[in-house]
Number of protein chains: 2
Amino acid sequence: MSSFLKMSLVLRRANRVNQSAMRGLCSQAQELERSGMVLPNVAIAGVTGAVGQEFLELLEARKFPFANLKLLASARSAGKKITYMGKEYTIEEMTEDSFENVDIALFSAGGSQSKKYAPAAVDAGAVVVDNSSAFRMQPGVPLVVPEVNPEAIRAHRGIIANPNCSTILMNVPVWALHKEVPVKRIVVSTYQASSGAGAEAMRELEQQARDWVEGKEEVKQDIFGRQYIWNLFSHNSAVCLETGYNEEELKMVKETTKIFDEQIPVTATCIRVPVLRAHCEAINLTFAEPMDEARARSILENAPGVSIVDDRENNQFPEPLMASGKDDIFVGRIRPDLSQPGGYGLELFIAGDQIRKGAALNAVQIAEQLVQNARDDATEGVSVGIKQGSEAVFSRGFSTSAPEEKNED
Amino acid sequence: MSSFLKMSLVLRRANRVNQSAMRGLCSQAQELERSGMVLPNVAIAGVTGAVGQEFLELLEARKFPFANLKLLASARSAGKKITYMGKEYTIEEMTEDSFENVDIALFSAGGSQSKKYAPAAVDAGAVVVDNSSAFRMQPGVPLVVPEVNPEAIRAHRGIIANPNCSTILMNVPVWALHKEVPVKRIVVSTYQASSGAGAEAMRELEQQARDWVEGKEEVKQDIFGRQYIWNLFSHNSAVCLETGYNEEELKMVKETTKIFDEQIPVTATCIRVPVLRAHCEAINLTFAEPMDEARARSILENAPGVSIVDDRENNQFPEPLMASGKDDIFVGRIRPDLSQPGGYGLELFIAGDQIRKGAALNAVQIAEQLVQNARDDATEGVSVGIKQGSEAVFSRGFSTSAPEEKNED
């Protein structure tokens, strides 16, 4: 374990998220250096994927404080050189020995890779922020949306799980409302982009557009086994034969309750639409007590990570193109539900970038919060190890047939 | 008024829809001729539009019984000749004098044309089946989905309204369930095709695909004022500034209650997706009493106008491409709602052709039921005029700025 973590990462009291950590952290690196703190060593596991690339962009854009950076990928990409922030890096093959001296490991290489290598990273002393679904529902692994439950980060035992993209996008605005008036039930329908299923899926959709324009009789349909251009279909994750819900829907159902740390009845219908990037969701809420429109609007206007786009006169509401490449979740169509009189119901329509806030940004925010916690603790002179209990958290070598490097996991 | 209507169309007792009338009516013409009944004269108002063209296809395919056919359109198309069922027709300009000797007028020329010419058609003795929203919510005008409320047809006073496309598609499966166990609340999110906004809208979406493939910096966006390819957006109908619902959503809310003839709380979010034809809907139901999955499935399997596509193992569910050009509404993702335990909730996902069952087919089914009613009455020797009260039903010359010839009205 590096001196950074030895000095500072702690298992301690809950700590509400720091707004500067959420919004940009431009001065975190400078502040850490000024305070004499050692900067963390960071590894990106799965750097060649869409989320891995987004990690690189975000670390630079948000001036994330790090001393050294390790870029890990599969053997196929190992040896490739990339220039990043003025320095040349060589991509290394991820092995169990990759994590020596790593303090924070951002994982987005698919569930089976996470199951294989996250334990080694934790053994080596790193804190893993894992974007896969491998550990999310495991007891003892915090499942964190920094706008919702940043305090859960301190309870980690080596691994912190990043929620499913659709779950993150829904939870941010719904939590803001729920804090004020309890939400009793959520009905959500999604409109999910091709890139959630990985770069290949997005390229196939683009290729189908070309095939269609060229008038080809049959378009290429290797990934989803169906025509995607001018079509839409139920989410491609496996469907539970018993409940009829697909995995994506069950993630939204189960993860929301874990993140909110209370039972929230959720039902979801997840649909893949011919959009390249950014997901949308129609969200219908039932409240325990009346929540009037003006109050809902004011709460959402002040919610971190939320931008309101709600112009009834000009019919301007959230759209995926508007949200692509953006940090915030766009929220609009805010209106009392006509089917639930008395202010007990509210409708929302949201758009958010599932690669950014739905994956990479959320993970980087978690990492920022880890650094923030360390700084807070250093200021208070606290120094406790992070290893306690970590061995019990995961089972090793578990293999899965889940497709790798898709960001929607 | 022609001898057909004089002889037979009546304002009389309710009459449940005849299944043969719903399913194909292959022998209606022959039966009418055999019975010595005079065949009706039919006019199509707006024959050059997408729904008008679909009327022609359906009258032929379903062997709709008619003596003469009149094809009406705007002055722009008048004089054009078309060959239909082996006979040459000349398109005539629609005027107030167009409806002499017409028994049944199928209108789909937009709301303002309906308001202008439907009264003249009724004055001339025709029964108007109107696909626009002009008269739908007017008291005294039956709003009919033949699978739901065919008996309402008999109460007409010259005009029968065809509901909004999204409403029709939702009402058919939901009504089948509601008849068995009352539905207390509906939450619906739509995925609507470009062609619902008219042929021009569909062509613009196709053009945007070409522009995108050619790498053009900016795609043509005259109709919706935004990029549509790789995007989606809140339905383009005007948004009510007070409620925040757009017109399409309010149609689903209000029309369902009129068609079901009882108060059904509905909330809707209507979204335009980059699909050329056929709408989808995610429908969440709350029942007054438990409705288990097996029962729901059995009801839907036996519901007229419904095809089940619900293969969990192979992830095969309703898709717009599957529904395009088809009569039936495809229903799948049938599953108990996890957020409403005890069997009180059910999820459905449907796909239906909004030009066919959502517009033309529903209107032709209404016309078939009119003929069926006339035949039933002739058999019983009843002969009553249809004119009673018709003058009071509509106000003339009302103009609207609604775009014409879109099928989604």
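None of the figures in this text is laboratory data; all of them are computed from the coordinates on show. All values reported here derive from a predicted model rather than from experimental measurement. All Cβ positions, glycine included, derive from the backbone under ideal geometry; neighbour counts span all protein chains shown.
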### Cβ-vector label at 7 Å, A:ASP123, separations to other copies in nm
9.1
## Note on the structure
Reduced to Cα centres, the span from segment A:254-290 to segment B:345-380 in Å works out to 36 Å
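Which peptide among B:232-238, B:295-301, B:97-103 comes first, and what is the full order, when sorted by highest mean count of other Cβ atoms within 10 Å?
In decreasing order of mean packing, B:232-238, B:295-301, B:97-103 become B:232-238, B:97-103, B:295-301.
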### Task
Starting from the Cα of B:SER298, step 7 Å along the direction of its Cβ; do the same at B:ASP376; then give the gap between the two resulting points in nm.
2.8 nm
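What are the GluC sites (Glu not before Pro) within segment A:133-182 that DSSP puts in a loop, where the Cβ has at most 11 other Cβ atoms within 10 Å? Intermediate values should be presented prior to the final figure.
On the way: sites: A:GLU147, A:GLU151, A:GLU180; in loops: A:GLU147.
Nothing satisfies the criteria.
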#### Entry: Spacing of the two label points (7 Å from each Cα toward its C-beta) at B:ASN314 and A:ILE308, in nm
4.9 nm
### Summary
Across B:330-337, the residue-averaged tally of Cβ atoms belonging to other chains within 10 Å stands at 4
### Query
Over the C-alpha atoms of segment B:86-215, what are the Rg and the largest Cα-to-Cα span, Dmax, in Å?
18.8, 57
### Query
Counting partner chain Cβ atoms within 10 Å of every residue's Cβ in A:232-244, what's the average?
6
### Query
In segment B:93-122, which residues have a backbone nitrogen under 12 Å from the label point lying 7 Å from B:ALA78's Cα in the Cα-to-Cβ direction?
B:93-98
### Query
Relative contact order for segment B:167-353 using alpha-carbon pairs under 8 Å, separation at least 6, rounded to a whole percent?
27 percent
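Dividing the convex hull volume of the Cα atoms of segment B:313-372 by its residue count, what figure in Å³ per residue is obtained? Could the numbers behind the result be given before it?
Details: hull volume 7.6 nm³, N = 60.
Spread over its residues, the Cα hull of segment B:313-372 gives 127 Å³ apiece.
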### Message
Can you list the copy-to-copy distances for A:ARG203, using a point 7 angstrom from Cα toward Cβ, in nanometres, shortest first?
### Response
3.6
#### Entry: Label 7 Å beyond Cα on the Cβ vector: A:LYS80 copy-to-copy distances, nm
5.4
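Please report the orientation-averaged projected area of segment A:167-354, defined via the convex hull of its C-alpha atoms, in nm².
Numbers: hull surface 48.4 nm².
Taking a quarter of the hull surface, the average projection is 12.1 nm².
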### Only Lys, Arg (+1) and Asp, Glu (-1) charged, at Cβ; segment B:167-353 dipole about Cα centre in debye
140 debye
### Query
Taking the mean number of other Cβ atoms within 10 Å as a proxy for protection, how do you rank A:285-292, B:355-362 from highest to lowest?
B:355-362, A:285-292
### Order of B:THR167, A:THR48 under a 10 Å beta carbon neighbour criterion, fewest first
A:THR48, B:THR167
### Query
Once phi is turned into θ = phi - 60°, what whole-Hz ³J(HN,Hα) does the Karplus curve with 6.51, -1.76 and 1.60 give for every residue of segment A:267-276, x standing for Gly and Pro?
10, 9, 10, 9, 10, 8, 10, x, 10, 7
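First check a/c for segment B:236-303, with a ≥ b ≥ c the square roots of the eigenvalues of its C-alpha gyration tensor; if it is under 1.5, answer rounded, and if not, answer prolate when a/b is larger than b/c or oblate otherwise. Intermediate values should be presented prior to the final figure.
Numbers: a/c = 2.49, a/b = 1.49, b/c = 1.67.
Since a/c reaches 1.5 but b/c is at least a/b, the shape of segment B:236-303 is classed as oblate.
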